[in-house]
């Protein structure tokens, strides 16, 4: 991280908004989210206040802004392990849990064909 880097802990709607606003004025931003997805509670809702529209209304816009902004990096399934240093010079260590299905997945189903085990989703 550079001296103008910002760490946002939590990739919910507020964390995403804070990260995007900081990135759009020139800061490098790192988002650390413990869940396997960004969006927090809003991503789980059917409708949200005040417009009572589906979460895709606002979240989709922010997801596109994150995708298109090279200053924003995000780590899901991650947690802060330690923080040291002081103002303007922090050293933060994060632990990233394995995803098992990574970003190279193309949903071709070849892994399903090769897997000898089936389990109920319940």
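The values are calculated or read from the model by the stated rules, or taken from the named source; none is laboratory data. As the structure is a computational prediction, the values presented were derived from the model and not from experiment. Here the Cβ positions follow ideal geometry from the backbone for every residue, glycine too, while neighbour counts run over all protein chains shown.
Report yes if residue 77 is farther than 16 Å from residue 8 by Cα and free of Cβ contacts under 8 Å to residues at least 60 places away in the same chain, otherwise no.
No.
Output the residue which, of all residues in the range 1-17 that are part of a loop (DSSP other than H, G, I, E, B) and out of contact with any strand residue (DSSP E or B) (no Cβ under 9 Å at 6 or more places or on another chain), is surrounded by the most Cβ atoms within 10 Å (Cβ to Cβ).
Only one residue tops the list, namely 4.
Residues that are over 18 Å from the mean Cα position of the chain (by Cα) and at pLDDT below 95: find the strands (runs of 3 or more DSSP E) completely inside the range 60-116 holding 2 or more of those. First the steps, then the outcome.
Numbers: elements: 72-75, 78-86, 89-96.
Filter on the range 60-116 gives 78-86, 89-96.
Of all residues in the range 26-42, which are surrounded by 14 or more Cβ atoms within 10 Å (Cβ to Cβ) and touching a strand residue (DSSP E or B) at 6+ places or on another chain (Cβ under 8 Å)?
Of everything in the range 26-42, those that are surrounded by 14 or more Cβ atoms within 10 Å (Cβ to Cβ) and touching a strand residue (DSSP E or B) at 6+ places or on another chain (Cβ under 8 Å) turn out to be 27, 28, 29, 30, 31, 32, 33, 34, 38, 39, 40, 42.
Give 59, 45, 20 a once-over and let me know the one that is farther than 30 Å from residue 115 by Cβ, without any contact (Cβ under 8 Å) to a residue 12 or more places away in the chain and surrounded by 12 or more Cβ atoms within 10 Å (Cβ to Cβ).
After ruling out the rest, the residue left standing is 45.
Considering each residue of the range 29-59, count those that are part of a loop (DSSP other than H, G, I, E, B) and under 15 Å from the mean Cα position of the chain (by Cα), and give that number.
6
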